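Below: the structure, in structure tokens.
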Amino acid sequence: MLLIGKPKKKYRGDRWGAVWWYGFLVGRMEAAGPTFIKLAQWAASRADLFPSLFCERLGALHSHGTPHSIEHTKQVIERVFERPFDEVFEEFDDTPIGTGAIAQV
């Protein structure tokens, strides 16, 4: 990892440069999309391979999905079913129950 700074107890022995890198990498993986988020989620569970603070930062991607708009949902449904959204569902709640790296429910 980055050897910038001295190892600190508050960083669990990591250097501030490494901790900065952890945050940067998590942000880039989130921006890169679902495949990289899934990779980060896997890496977060591998404390035997990666520093614990890094795994903790990656673990934040387990619960932070950004929901897409209802307009996007309607466009996809209409394109797939080749009919107006209102003809596909009798009832549809606009608020998602959950949002993950791959899907939104």
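The values are calculated or read from the model by the stated rules, or taken from the named source; none is laboratory data. Since this is a predicted model, take the numbers as computed values, not measurements. A quick note on method: Cβ atoms are made from the backbone with ideal geometry, for glycine too, and the neighbour counts reach across all protein chains shown. Protein only, heavy atoms only, side chains kept; ligands, DNA and RNA dropped before computing areas. Shrake-Rupley method; radii C 1.70, N 1.55, O 1.52, S 1.80 Å.
Please turn the phi angles of region 47-62 into ³J(HN,Hα) values with the Karplus equation 6.51 cos²θ - 1.76 cosθ + 1.60 (θ = phi - 60°), one per residue in order, whole Hz, x for glycine and proline.
5, 6, 10, 10, x, 4, 5, 5, 4, 4, 5, 5, x, 4, 6, 5
7 Å from Cα along Cα→Cβ at both His68 and Ala32: what's the point-to-point distance in nm?
Here the answer is 2.1 nm between the modelled labels.
Once phi is turned into ³J(HN,Hα) by the Karplus curve 6.51 cos²θ - 1.76 cosθ + 1.60 with θ = phi - 60°, what whole-Hz value does each residue of region 77-89 show in order, with x for glycine and proline?
Karplus-based 3J(HN,Hα) across region 77-89 equals 4, 5, 5, 5, 8, 6, 7, x, 3, 5, 7, 7, 10 Hz.
Using a 1.4 Å probe, how large is the accessible area of Trp42, given in Å² and rounded to the nearest 10?
Approximately 120 Å² for this residue.
At 0.36 nm per residue, minus the direct Cα-Cα distance, what do Arg46 and Asp94 gain on full extension? Give it in nm, one decimal, please.
Additional length available on full extension: 13.7 nm.
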